[in-house]
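The values are calculated or read from the model by the stated rules, or taken from the named source; none is laboratory data. What you are looking at is a predicted structure, and each value in this text was computed from that prediction instead of being measured. Heads up, the Cβs are rebuilt from the backbone with ideal geometry, glycines too, and the neighbour counts pull from every protein chain shown.
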Amino acid sequence: MLIGFNERVEAEGREYHVQTEDVSDRAEIVSQVFLAGQVLHTYRVSYADWKGEPGWEQRVSEQAKRQHALMVAATQRGRITAAPQANGS
């Protein structure tokens, strides 16, 4: 199952890139916010507990959409720092 979203976000006079993808080999949905190619923030949600349950693929799809929208909103509101964190998360 491959799901992915990419979006440019203008905030604080800067252009950020928000990316969300299904990393199926790890059963994770990973969202990252980039500025000038540097990762500012990473947010991961595991779906290992859902995988194989009835409707799990739809649940992953819905979670990825919701997670991406939240990361975009956080970026637009200035809640993602402009300085990269040491651990990239």
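Of note:
- Output for the stretch 31-45, where each listed residue is out of contact with any His (no Cβ under 9 Å at 6 or more places or on another chain) and surrounded by 13 or more Cβ atoms within 10 Å (Cβ to Cβ): 39, 40, 41, 42, 43, 44, 45
- Of the criteria (1) in contact with a strand residue (DSSP E or B) (Cβ under 7 Å, 6 or more places away or on another chain); (2) part of a loop (DSSP other than H, G, I, E, B); (3) modelled with pLDDT of 90 or more, which one residue 82 fails: (3)
- Restricted to the stretch 10-30, and to residues there that are more than 13 Å from the chain's Cα centre (by Cα) and over 19 Å from residue 56 (Cβ atoms), the residue that is surrounded by the most Cβ atoms within 10 Å (Cβ to Cβ) is 11.
- Complete set of residues in the stretch 46-65 that are charged (D, E, K, R) and either surrounded by 14 or more Cβ atoms within 10 Å (Cβ to Cβ) or under 12 Å from residue 4 (Cα atoms) (or both): 51, 57, 59, 62, 65
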